[in-house]
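Below: the structure, in structure tokens.
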Amino acid sequence: MKNARDNQLSDRRAAAAEAKTALLNAYRAARIAAEPTETARQAERAAITAAREERRLGRERVKLEQQANVEREAAERQAAAHAAALAETDAREKAEKARVARVIEDEAARKSARDLRYANRKARRG
């Protein structure tokens, strides 16, 4: 099919300009039509981002709580070990004092027994 009219340069330019205008109008119409869905998509992305951030903050909060628990348990273990060491030291000191007291009592008992023997011997001679 041939064009009925004569295809001059000015006609071709006018047709190209009309085509460009039609494409531009179609693009603008498509953008306007897609604007509500684009807005909804952006809102959905924002909601997803906010939820992701909330989950990240929750994980960090849990991690900090776990770290605080570990530190608290370590401090409790250290305090218990320190208390056990003090108790052991006190027990050793008490045992040492008791041993020294027994040695002194034994020495005093031997000395009194010896003095008694000397006194009995002197009484027999005397």
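The values are calculated or read from the model by the stated rules, or taken from the named source; none is laboratory data. These numbers come from a predicted model, not from an experiment. Note that we place each Cβ from the backbone using ideal geometry, even for glycine, and neighbour counts take in every protein chain shown. Only protein heavy atoms, including side chains, enter the accessible area calculation; ligands, DNA and RNA are left aside. Shrake-Rupley method; radii C 1.70, N 1.55, O 1.52, S 1.80 Å.
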Flag for residue 111 being over 26 Å from the mean Cα position of the chain (by Cα) and either loosely packed, with under 10 Cβ neighbours inside 10 Å or of a type in the set (Phe, Trp, Tyr) (or both): no
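If you check 98, 123, which single one turns out to be in a helix (DSSP H, G or I) and open to solvent by less than 70 Å² (accessible area, probe 1.4 Å)?
98
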